[in-house]
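The values are calculated or read from the model by the stated rules, or taken from the named source; none is laboratory data. Note that the structure is a prediction, hence the values are computed from the model and not measured. Every residue, glycine among them, receives a Cβ derived from its backbone with ideal geometry; neighbour counts consider all protein chains shown. Ligands, DNA and RNA are excluded from the accessible area calculation, which covers all protein heavy atoms including side chains. Shrake-Rupley method; radii C 1.70, N 1.55, O 1.52, S 1.80 Å.
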Amino acid sequence: ANGVGRDVNLKVRLIEVKRQFCNKMWQATRFMMLRLEGFEVTTNELLTADVLANLQPRDRWILNCLNEACAGCNEGFEKYHYAAATEAAYDFFLRELCDVYIELTKPVFAREGNDVERDVTQRVLWTCLDNAMRLFHPFMPFVTEELWQRLPGRGQIADEPPSIMLARYPAAREDWAFPESRATMELSLIHISE
């Protein structure tokens, strides 16, 4: 037997970066779940037409980012470009959800009152976490299963699968597409950073 193609190029630094990402995912998800304490979940479909009508610009932006991540992951799988699929999920979770959306929602959870805004924000946050775990599951099955099982409402949602392995893989949705939100958010972030 010839040994061509059997060598594995092991990059220790890359392993360290991925371990750090797993830790970041664990810590960020736990932080986000603190924002969901007391939040009642009885259905996987939290974003009804009424809720979508009350979205803030940041909510439309993150749902559009989630939609793009779903499309990117599915396209990556269809074309056997697994690196593109992981990059779409990674960018959504780390750069958009953790680095931007969570920061923008901190004032919502810090102030008292405005229960409608808090409820909508919690619904969007739960939807993003649920979908992010399902996007990452093929690449990180153990971590995502554990975190997905810890989401509020697990075990009480009607017709939910008992495991993330049996949950439907996320796909892009028309009602989460807000393409104009990307340009609006980029302008807002430029003004914030100045």
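Please find, among Leu187, Leu166, the residue that is closer than 27 Å to Gln56 by Cα and out of contact with any helix residue (DSSP H, G or I) (no Cβ under 7 Å at 6 or more places or on another chain).
Sole residue among the options that is closer than 27 Å to Gln56 by Cα and out of contact with any helix residue (DSSP H, G or I) (no Cβ under 7 Å at 6 or more places or on another chain): Leu187.
From Leu55, Leu104, Leu63, Leu97, which residue is part of a loop (DSSP other than H, G, I, E, B) and surrounded by 16 or more Cβ atoms within 10 Å (Cβ to Cβ)?
Leu55
Say whether the condition of being under 15 Å from the mean Cα position of the chain (by Cα) and either of a type outside the set (Phe, Trp, Tyr) or on the phi > 0 side of the Ramachandran plot (or both) is met by at least one residue in segment 153-166.
Yes: one or more hits.
So in segment 150-194, with the set limited to residues that are surrounded by 12 or more Cβ atoms within 10 Å (Cβ to Cβ) and β-branched (Val, Ile, Thr), which one is modelled with the highest pLDDT?
Applying the filter and picking the extreme gives Ile164.
Anything in segment 66-94 that is under 18 Å from Met32 (Cα atoms) and either in contact with a His (Cβ under 6 Å, 6 or more places away or on another chain) or open to solvent by 50 Å² or more (accessible area, probe 1.4 Å) (or both)? List them, or say none.
Passing the criteria: only Tyr90.
Is it true that Phe77 is aromatic (Phe, Trp, Tyr) and either within 16 Å of Arg58 (Cα to Cα) or in a loop (DSSP other than H, G, I, E, B) (or both)?
no
Name the residue, out of Ala89, Ala69, Ala183, that is in a helix (DSSP H, G or I), closer than 23 Å to Ala28 by Cβ and free of Cβ contacts under 8 Å to residues at least 60 places away in the same chain.
Ala89
Among all residue pairs at least 6 apart or on different chains, which show Cβ distances below 6 Å where the first residue, located in segment 139-154, is in contact (Cβ under 8 Å) with a residue 60 or more places away in the chain and the second is open to solvent by less than 30 Å² (accessible area, probe 1.4 Å) and not in a helix (DSSP H, G or I)?
Pro152/Leu36; Pro152/Phe39; Pro152/Val41; Gly153/Val41
Is it true that Thr86 is closer than 22 Å to His137 by Cα, more than 12 Å from the chain's Cα centre (by Cα) and among the β-branched types (Val, Ile, Thr)?
yes
For segment 133-158, how many residues are under 15 Å from Val41 (Cβ atoms), of a type outside the set (Val, Ile, Thr) and in a loop (DSSP other than H, G, I, E, B)?
7
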